[in-house]
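Undergrad: One structure, pasted below without further comment.
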Amino acid sequence: MATFSQDILELSVKAEKKVEEKIREIDRIVDYNQWKVIEAFQRSKVSDFHFAGSTGYGYNDRGREVLDEVYADVFGAESALVRPHFASGTHTISTALFGVLRPGDELLYITGRPYDTLHQVIGEEGDGAGSLKDFGIRYGEVDLLEDGKVDWEGVAKAITPATKVIGIQRSRGYDWRSSFTVEEIGLMVEKVKAIKPDVIVFVDNCYGEFSEEHEPTEFGVDLMAGSLIKNPGGGIAETGGYICGKEIYVDQAANRLTAPGIGREVGAMLGTTRGMYQGLFLAPNTVGQALKGSVFASAIFEEVGFVTKPAWNEKRTDLIQAISFSGPEHLIAFVQGIQRASAVDSHVVPEPWEMPGYEHPVIMAAGTFIQGGSLELSADAPIREPYIGYMQGGLTYSHVKYGVLMALQSMKERNLL
Ligand SMILES: *Cc1c(COP(=O)(O)O)cnc(C)c1O
């Protein structure tokens, strides 16, 4: 195609050849998760009438109740709360944490510094108003070791009688570290419970869903949250989040989302229900498309000399592909190239800006159908050393390939390759 220069097309063929076996591996995960989701729908006898949206209080909304049941089943959890009323992943995580923590309790993150937007929820940054800290909930974190593993000596020292919740972030977020696989998270659960059996293990599962055959809640995690404009929304859900885990904790989160006494019994779904069901149905496949795209991206960027994390042949547990660029010019060309490849807003040129909740200027490519939807092909990069670009998503593998080639083309046009 004339869009791309010959050398870039040749690189593409080469990279794709290299990742063939990885692509087949992803297909097997998609089959497993697709069948798991279908069978959960079948067990709950999902019917057409469940898709109707309630109004007003939303009492007795069967579609909403069954959706919770299907999610709990898919995630191997006792209970789930799936709602369009969660405004974002941050809101969902915040609701889960405020749901179970009380004044005097402590939240301890054992996977290092959490995702940027959570710093203000915790009260570590910003004016602190309304944060966990403002409510007398203490916070601690244990940095990861040099090799990216949990510092168990540090964790053993940091856990105190006040430690109520252990926080684990599955995905790398905006950090140059490895994400934690479900198996690794299972081992973390065993270890922290050996130190303090009654601790609540919370997992921020954003970007992780359906990238492996199992989910953290199948391995003893007590409470977990994620965003519906990421993986489990399948690119169809228009907004929302989910919380799942032990019933007692999910109920507490529901009381925080609405109000004590009404909890999960209210909440009009308006017109969102069908999209949530259909999105969940499509999610395993869409996540597979995105994962294939990430593997391809990693292979081709490595081919031109950039360091990628994960490497194309490494095990994956989330959607995020990090690429380390040589400087801000490459980084910006990369993000602008991804934007140029969008079906929506391809004519817009992204520039770095100060985003609420983030500490550095961020440049984002998001030519998406759902605003900020990051199961759709998108790229973000905080403009800070060492100039790492993060890309994720892609509703179709073909689109990701197109986006990655466009990023390379943009670099080539600026004489950066
Ligand atoms: C996206 C994300 C969040 C926050 O979700 P928003 O929808 O951006 O508020 C939290 N943690 C991780 C790991 C994420 O990837």
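Readers should treat all values here as calculations from the given coordinates under stated rules, not as data from a laboratory. The model shown is predicted, which means the values in this text are computed figures rather than measured ones. A quick note on method: Cβ atoms are made from the backbone with ideal geometry, for glycine too, and the neighbour counts reach across all protein chains shown.
Undergrad: Which percentage, to the nearest 5, of the DSSP beta bridges contained in the chain is antiparallel? Mind showing how you got there, number by number?
TA: On the way: 25 of 41 bridges.
Looking only at bridges with both residues in the chain, the antiparallel portion is about 60 percent.
Undergrad: Return the long-range amide H neighbours of ALA365 (sequence gap of 5 or more, or a different chain), with a cut-off of under 5 Å between placed amide H atoms.
TA: ALA379, ASP380
Undergrad: Another question about this same structure. Rank PHE334, ALA283, GLN409 by how far each Cα sits towards the positive end of the charge dipole of the stretch 273-417 (+1 on Lys, Arg Cβ; -1 on Asp, Glu Cβ) and give me just the farthest.
TA: ALA283
Undergrad: For the stretch 340-392, what is the convex hull volume of the alpha-carbon atoms per residue, in Å³? List each step's numbers first, then the result.
TA: Working: hull volume 4.3 nm³, N = 53.
Value for the stretch 340-392: 81 Å³ per residue.
Undergrad: Subtract the Cα-Cα distance of ASN313 and GLU124 from 0.36 nm times their separation in residues, and report this length gain in nm to one decimal. Could you put the intermediate results ahead of the total?
TA: Working: separation 189, 0.36 × 189 = 68.04 nm, distance 3.68 nm.
My answer for the length gained is 64.4 nm.
Undergrad: Right, here's the next one. Hey, what angle do you get for helix 89-100 against the long axis of the chain, alpha-carbon based, 0 to 90 degrees rounded to 10?
TA: Around 20 degrees separate the two axes.
Undergrad: Where nothing but the Cβ of Lys and Arg (+1) and of Asp and Glu (-1) is charged, how large is the charge dipole of the chain around its Cα centre, in debye to the nearest 20? Present the calculation step by step, with values, prior to reporting the outcome.
TA: Numbers: 39 positive and 58 negative charges, 85 e Å.
Approximately 420 debye in magnitude.
Undergrad: Further question on the same structure: For helix 397-413, report the angle its Cα long axis makes with the longest principal axis of the Cα atoms of the chain; keep it between 0 and 90° and round to the nearest 10°.
TA: 50 degrees
Undergrad: Same structure again: Over 30 Å between C-alpha atoms is what I'm after, so list which of LYS191/LYS292; LYS36/LYS196; LYS230/LYS315 land there.
TA: Values: LYS191/LYS292 33 Å; LYS36/LYS196 33 Å; LYS230/LYS315 20 Å.
Cα-Cα > 30 Å for LYS191/LYS292; LYS36/LYS196; rest within.
Undergrad: Here's something else I'd like to know. Rounding to the nearest 20 debye, state how big the charge dipole of the stretch 105-172 is about its Cα centre with +1 on each Lys and Arg Cβ and -1 on each Asp and Glu Cβ.
TA: So the magnitude is around 260 debye.
Undergrad: Here is a follow-up. What does the charge dipole of the stretch 200-268 about its Cα centre add up to, to the nearest 20 debye, if the Cβ of each Lys and Arg holds +1 and the Cβ of each Asp and Glu holds -1? Don't skip to the end; give the middle numbers.
TA: Numbers: 4 positive and 11 negative charges, 64 e Å.
Around 300 debye, computed over the stretch 200-268.
Undergrad: Moving on. For the chain, what relative contact order do you get, as a whole percent, if you take Cα pairs closer than 8 Å and at least 6 residues apart? Provide the component values of the computation, followed by the final result.
TA: Working: 897 pairs, mean separation 78.6, N = 417.
Averaging sequence separation for qualifying contacts and normalising by length gives 19 percent for the chain.
Undergrad: Hey, what angle do you get for helix 328-340 against the long axis of the chain, alpha-carbon based, 0 to 90 degrees rounded to 10?
TA: Its long axis makes an angle of about 80 degrees.
Undergrad: Just to be sure I understand: with springs between alpha-carbon atoms less than 10 Å apart, which residue in ILE323, ILE243, ILE383 has the highest mean-square fluctuation in the Gaussian network model of the chain?
TA: ILE383
Undergrad: If amide hydrogens are placed 1.01 Å from N in the peptide plane, which non-local residues have theirs closer than 5 Å to the one on TYR139?
TA: LEU107
Undergrad: Okay, next question. For the stretch 194-203, in order, what is each residue's ³J(HN,Hα) by Karplus, 6.51 cos²θ - 1.76 cosθ + 1.60 with θ = phi - 60°, in whole Hz (x at glycine and Pro)?
TA: Going residue by residue, I get 5, 7, 9, x, 8, 6, 9, 8, 10, 10 Hz, with x marking Gly and Pro.
Undergrad: OK, next. Do the sum for the chain: with -39,500 (n - 2.57) for every DSSP H run of n ≥ 4, divided by all residues, what is the mean residue ellipticity at 222 nm, to the nearest 500 deg cm²/dmol? Before the final figure, lay out the partial values.
TA: Working: 11 runs with 160 residues, N = 417.
Rounded to the nearest 500, it is -12500 deg cm²/dmol.
Undergrad: Further question: Residue by residue, what Karplus-based ³J(HN,Hα) values in Hz, rounded to whole numbers, does the stretch 127-133 have, using 6.51, -1.76 and 1.60 with θ = phi - 60° and x for Gly and Pro?
TA: 7, x, 4, x, 7, 4, 4
Undergrad: Starting from the stretch 339-379, pick out the chymotrypsin sites (Phe, Trp or Tyr not before Pro) whose DSSP state is loop and whose Cβ has at most 14 other Cβ atoms within 10 Å.
TA: Numbers: sites: TRP353, TYR358, PHE369; in loops: TYR358, PHE369.
In loop regions of the stretch 339-379 (DSSP not H, G, I, E or B), the sparsely surrounded chymotrypsin sites (Phe, Trp or Tyr not before Pro) are PHE369.
Undergrad: On to the next question. Just rank ARG138, ARG43, fewest to most, by other beta-carbon atoms within 10 angstrom.
TA: Numbers: ARG138 19, ARG43 11.
Exposure proxy ranking, most exposed first: ARG43, ARG138.
Undergrad: Sticking with this one: What ranking of HIS360, HIS214, HIS50 emerges when the number of other C-beta atoms within 10 Å of each C-beta is taken as an exposure proxy, fewest first?
TA: Numbers: HIS360 13, HIS214 17, HIS50 20.
Ascending number of Cβ neighbours within 10 Å: HIS360, HIS214, HIS50.
Undergrad: Does anything in the stretch 278-311 have its amide N under 12 Å from the 7 Å Cα→Cβ label point of GLU20, and if so which residues?
TA: Answer for the stretch 278-311: none.
Undergrad: Using 7 Å Cα-to-Cβ label points, what is the ARG414/GLU354 separation (nm, one decimal)?
TA: 2.3 nm
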